[in-house]
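Undergrad: For reference, the structure I am asking about is given below.
The values are calculated or read from the model by the stated rules, or taken from the named source; none is laboratory data. What you see is a predicted model; the values in this text were computed from it and never measured. When we count neighbours, we look across all protein chains shown, and the Cβ atoms used for this are built from the backbone with ideal geometry, even at glycine. Surface accessibility is based on the protein's heavy atoms, side chains included, excluding ligands, DNA and RNA. Shrake-Rupley method; radii C 1.70, N 1.55, O 1.52, S 1.80 Å.
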Amino acid sequence: MGYRYSKKISLPIQNIAASARLIAKGDFNQKVKVETGDELQDLGHAFNSMTERLSSTIGELENEHLKIRSVLSSISEGLVAVDNENRIMLINYSGRDLLGITESEVHSKQLECLIGNPVLREAVGKILEEGNLGLREVVLEEPEHMVLKFSYDKIHSDSGMREMIGKIMVVRDITEMRKLEKMRTDFVANVSHELKTPLTSISGFVETLKGGAVNDDKVRDRFLDIIEMESSRLSRLLDDLLVLSNIETSQIGMGRKSEIKVKKTVIEVFEMVEKAADGKSIELESEIPDDLPNLYGNGDWFKQMLLNLVDNAVKYTPENGSVGVSAYRLDSDVFIKVKDNGMGISQEDVSRLFERFYRVDKARSRDIGGTGLGLAIVKHIVLAFGGDIKVRSDEGKGSEFIVRIPIDRARASDSTL
Ligand code: ADP
C-alpha cells in the first residue's frame, strides 16, 4: 500500500521534473498530464499555464529581436556599439562594410583588433578613447579614396542608475558628398573667374576712353569693338550657364517632349553655322537615311546638343576643311556622328573634354568666342536622353564625336507615367 501510494505521488512529480528539464533546454511544447484530483493536479495545471506563458513571451521577445536586427541591417549608415572594454556588442552590415571587417564572428571581440586599415584603426582608437559626443572625419587613400564621417557618443543604461555601459558610433560614407561640394566650389570659382575676365577688360577700356581716348576716332572705335565683343562673350556665357542649369534642374523630366526628326534638325543647325563655315570655306556635309526613326524628347535640347558639336567642329577646323554629320540606326539605338578634319584633340585632353570650362587651348577658345561650357552641355543633354557620347580624335587630323541615343526609352518611360 505504502509503495503504491508513494508511486502515485512520485510519478507525476517525476513527469513535471522531466518536462522542466526539457523546457530548460528550450523545448517549450511541454505539457504534463496529472489527474490525481488533488494538489498535484493543481501543480500540473499551474506548470502547464507557466510553460504556455513562457513560450509566448519568449516568442514575442524573439520577434522583437528579429525586428531590431532587420531594422539595423537595412540602415545604410554603419552602426557599431561596444561595451566599456571596447568589445563589440552590436554591429550592422554597413558597419562591417565601412570598417572593412571581414571576420564572421565578431561578437565580444575587441573592435580595434578587427580593423585592418591602419589609418582607420587609429581613428577608431581615438574615438573610443574619447567616448564623449563628437564628430570626426577620416580620409582614407587606400585601397581607394574614401571619406568617412563618424558620429559617436556614450551609451547609458536605461535603468534608473543611467551608468555608462559602452559607446556607440554611426559611420557614414560621405565621399560622394565631399566630391560634389568640391565640384560646386570649383564651379563657382570658375564662373567668377570667367565673368571677371571680360568685365575687367570692359571696365579697363571704359576707363581709358574716359581718360581721353574717346577723342581719337580710330582708338575709340577699336575700343568700342572690344567692349562689344566682351559684352557679347558675357552674354554667351550667361546663356550657356542658364542652359546648363536648366538641363540639370529638369534632368528627371525633360521639359517639353516631342517627336524629333534628326534630318530636319541637322538642316536647321547647318543653317545656323553656315555663315561661320562659309567664312572659312568649310564644307558642311550630311548623310542621314530617310527611314531613320524619329527620336523622342526635348527637341530644343537635341538641337542645342547638335549645334554645340557642329559649331565646335567648325570652330576648331582650319580653312578649307570639312565637317560632316551622319546618322544611322543600330538595333534599338540611333547613332549620330559629327566629324571634322580639323586640329584634333590629344588623348590626354579627350578624357577631360566634357568638364565644365575645360579647354585644350584656353586663349584660342576665348579668341574664337568659346565659353568652355559647350561640351558639358552636350554631355548633360545626351545623358538626359539616356544615351552616351564617345570621342575619337587624332591630333592634327580631326575629331569625331559619336552620340548614341536609345530610340524608345524616353517614349517607354512616358507611357509608364
Ligand atoms: P569651347 O566653348 O571652348 O568650345 P567646349 O566645351 O565646347 O568649349 O569644348 C571644350 C574644348 O574642347 C574646346 O576648348 C576645344 O579645345 C576642344 N574641342 C571641342 N570640340 C573640338 C573639335 N571638334 N576639334 C578640336 N577640339 C575641340
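Undergrad: In the range 1-16, which residues are of a type in the set (A, V, I, L, M, F, W, C) and surrounded by 11 or more Cβ atoms within 10 Å (Cβ to Cβ)?
TA: Matches in the range 1-16: Ile9, Leu11, Ile13, Ile16.
Undergrad: Considering only the range 177-189, I want to know if a residue exists there that is of a type outside the set (Lys, Arg), assigned to a helix (DSSP H, G or I) and touching a helix residue (DSSP H, G or I) at 6+ places or on another chain (Cβ under 9 Å).
TA: No - not one qualifying residue is present in the range 177-189.
Undergrad: Is it the case that the range 190-208 has a residue that's modelled with pLDDT under 95, under 30 Å from Val138 (Cβ atoms) and not charged (D, E, K, R)?
TA: Yes, the range 190-208 contains a residue that is modelled with pLDDT under 95, under 30 Å from Val138 (Cβ atoms) and not charged (D, E, K, R).
Undergrad: Also: State the number of residues belonging to the range 29-58 that are open to solvent by 50 Å² or more (accessible area, probe 1.4 Å) and either in contact with a Lys or Arg (Cβ under 7 Å, 6 or more places away or on another chain) or over 21 Å from Tyr5 (Cα atoms) (or both).
TA: Summing the residues that are open to solvent by 50 Å² or more (accessible area, probe 1.4 Å) and either in contact with a Lys or Arg (Cβ under 7 Å, 6 or more places away or on another chain) or over 21 Å from Tyr5 (Cα atoms) (or both) in the range 29-58 gives 12.
Undergrad: Among the helices (runs of 4 or more DSSP H) contained in the range 311-399, which hold 1 or more residues that are more than 8 Å from the ligand (Cβ to nearest atom) and modelled with pLDDT of 90 or more?
TA: It comes to 347-350, 374-384.
Undergrad: Residue pairs, Cβ under 7 Å, 6 or more apart or interchain, first in the range 219-238 and in contact (Cβ under 8 Å) with a residue 60 or more places away in the chain and farther than 12 Å from Val206 by Cβ, second surrounded by 14 or more Cβ atoms within 10 Å (Cβ to Cβ) and of a type in the set (D, E, K, R). List them.
TA: Pairs that qualify, where the first residue is in contact (Cβ under 8 Å) with a residue 60 or more places away in the chain and farther than 12 Å from Val206 by Cβ and the partner is surrounded by 14 or more Cβ atoms within 10 Å (Cβ to Cβ) and of a type in the set (D, E, K, R), are Leu237/Glu194.
Undergrad: If I ask for residues that are in a helix (DSSP H, G or I) and among the β-branched types (Val, Ile, Thr), which ones from the range 218-267 would you list?
TA: Correct list: Val219, Ile226, Ile227, Val243, Ile247, Thr249, Val262, Thr265, Val266, Ile267.
Undergrad: Just wondering, is there one or more residues in the range 279-296 that are in contact (Cβ under 8 Å) with a residue 12 or more places away in the chain, assigned to a helix (DSSP H, G or I) and aromatic (Phe, Trp, Tyr)?
TA: no
Undergrad: Moving on to the next point. Do you know which residues across the range 143-167 are among the hydrophobic types (A, V, I, L, M, F, W, C) and closer than 20 Å to Gly116 by Cα?
TA: Within the range 143-167, Met146, Val147, Leu148, Phe150 qualify.
Undergrad: Does the range 148-176 hold any residues that are over 17 Å from Asn86 (Cβ atoms), at pLDDT below 95 and among the aliphatic types (A, V, I, L, M), and which are they?
TA: Selection gives Met161 alone.
Undergrad: A further question on this structure: Quick one: Trp301 ticks every box in (1) open to solvent by 20 Å² or more (accessible area, probe 1.4 Å); (2) within 11 Å of the ligand (Cβ to nearest atom); (3) closer than 21 Å to Leu237 by Cα; (4) not polar (S, T, N, Q) except a single one, so which number is it?
TA: (2)
Undergrad: Now for a different question. Would you check if Glu285 is of a type in the set (Asp, Glu), open to solvent by 30 Å² or more (accessible area, probe 1.4 Å), over 21 Å from Gly370 (Cβ atoms) and within 16 Å of the ligand (Cβ to nearest atom)?
TA: Criteria met by Glu285.
Undergrad: Could you count how many residues in the range 329-360 are touching a Leu at 6+ places or on another chain (Cβ under 7 Å), of a type outside the set (Lys, Arg) and either open to solvent by 30 Å² or more (accessible area, probe 1.4 Å) or free of Cβ contacts under 8 Å to residues at least 12 places away in the same chain (or both)?
TA: Going through the range 329-360 one residue at a time, the tally reaches 1.
Undergrad: Out of all the residues in the range 400-408, is one or more on the phi > 0 side of the Ramachandran plot and either surrounded by 18 or more Cβ atoms within 10 Å (Cβ to Cβ) or not in a helix (DSSP H, G or I) (or both)?
TA: no
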